[in-house]
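One structure below.
Please treat every number below as a calculation from the coordinates, not as lab data. Because the structure is predicted, anything quoted here is derived from the model rather than measured. With ideal geometry, Cβ positions are generated from the backbone for all residues, glycine too; neighbour counts draw on all protein chains shown.
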Ligand code: NAD
């Protein structure tokens, strides 16, 4: 079967360009959209993510403010900074790069961010809004999955959708978004029995398992669309996903590569959330 490679790099570029145009329109109205990026410690992977997020802000004409705090920062100190950013009317979005050092409770930090500035969409109020079909910030990776499907003209309504993984940042919100798009959604996890049987029913598969090349051709129905959220480095230092691309792709109608699929969408949707923050802050 010939398959379409879903080009996340091209789609993310398109979204960032749309954001740039909207940010410019806001600037003309005197609004300079501003994202505060907070990093605690110097975890190398986090530093790369933070750098990429700031670069995307620059590309889109969004102002980014940088807060680099030392590894030994206390929870109180971080909460105090968040309090200040919450109160600062010039700040539209607040992003605290996760993971945080062990002495800081991530949940307390997420809950301290004003839900109207929570561009990561992790605050329980935004998670609840997604669950109940109300307006709110949607976390960036799952929002990116839906954009990839829509902009590749893959119909979700009425389709069997199987999400593998139930994390708060990917699996659960991805399932809720597919449901909101009228998919028939099944969520699989580490306790699911007969995983192959369940996944092979799917027209749309979202793999967010966190295990390299875990999904193989015998999980996949002929003609399915496969979205691979996983990011891993194999023994040769090459990137791969949760899906065994080489065996799965020939069975699919469409599939995301790793790299160049879901990865670039996460930052594009962060930019999109920064733009949406102006409107959302008035309705939340
Ligand atoms: P996680 O570890 O929090 O969740 C993994 C999920 O997989 C769990 O819910 C678990 O129940 C399920 N699972 C584990 N073993 C299973 C099995 N044998 N059968 C069925 N389900 C099983 O991971 P996460 O944060 O959701 O991330 C998933 C993957 O996506 C990781 O590879 C991560 O690096 C990647 N990720 C990518 C992006 C991106 O921007 N592209 C963003 C976030 C996460």
- Measure nothing but the geometry: give the 0 to 90° angle between the long axis through the Cα atoms of 140-151 and the longest principal axis through the Cα atoms of the chain, rounded to 10°. 50
- Message: Using Cβ contacts closer than 10 Å as the measure, can you line up 266, 216 from fewest to most?
- Response: 216, 266
- Message: For the chain, set up a GNM with springs between Cα atoms under 10 Å and report which of 74, 184, 34 has the largest fluctuation.
- Response: 74
- Task: Work out, step by step, the length gained on full extension between residue 232 and residue 87: first 0.36 nm times the residue separation, then minus their alpha carbon distance; give nm to one decimal.
- Result: 48.3 nm
- Here the stretch 95-220 gives, from Cα atoms, an Rg and Dmax in Å of 15.6, 46
- Message: Please check: in the Gaussian network model of the chain (C-alpha springs, under 10 Å), which one of 225, 23, 45 has the largest mean-square fluctuation.
- Response: 45
- Task: Please work out the FRET efficiency for the pair residue 9 and residue 211, using the Cβ-Cβ distance as r and a Förster radius of 22 Å; give the result to the nearest 0.05.
- Result: 0.35
- Note on the structure: per DSSP, antiparallel bridges as share of beta bridges in the chain, % nearest 5, sits at 5
- For residue 20 and residue 77, extending 7 Å from Cα along the Cα-Cβ vector and measuring point to point gives, in nm, a value of 3.8
- Task: Mind pulling the angle between the C-alpha long axis of helix 171-180 and the longest principal axis of the chain? Nearest 10 degrees, somewhere in 0 to 90.
- Result: 80
- Message: Relative contact order of the stretch 1-150, please, whole-number percent, based on alpha carbon pairs below 8 angstrom and at least 6 residues apart.
- Response: 22
- Using the scaling law 2.2 N^0.38 Å as the reference, what is the normalised Cα Rg of the chain? 1.01
- Item | Rounded to 10°, Cα long-axis angle of helix 44-60 versus longest principal axis of the chain | 80
- Using the eigenvalues of the Cα gyration tensor, what equivalent ellipsoid semi-axes result for the stretch 53-137 when each is taken as the square root of five times the eigenvalue, whole Å, largest first? 21, 19, 12
- Here the gain from full extension of residue 160 to residue 190, 0.36 nm per residue of separation minus their alpha-carbon distance, amounts to 8.8 nm
- Please work out the C-alpha center-to-center distance from the stretch 6-62 to the stretch 141-213 and express it in whole Å. 26
- Message: Looking at the calculated P(r) for the stretch 203-284, what percent of the C-alpha pair distances fall above 22 Å?
- Response: 36
- Note on the structure: Checking 47, 12, 64 against a Gaussian network model of the chain (alpha-carbon springs below 10 Å), the top fluctuating residue turns out to be 47
- Could you give the length gained on full extension between residue 278 and residue 107, defined as 0.36 nm per residue of separation minus the Cα-Cα distance, in nm? 59.1 nm
- Task: With the cut-off at 18 Å, report for the stretch 141-284 the share of all Cα pairs above it, as a whole percent.
- Result: 54
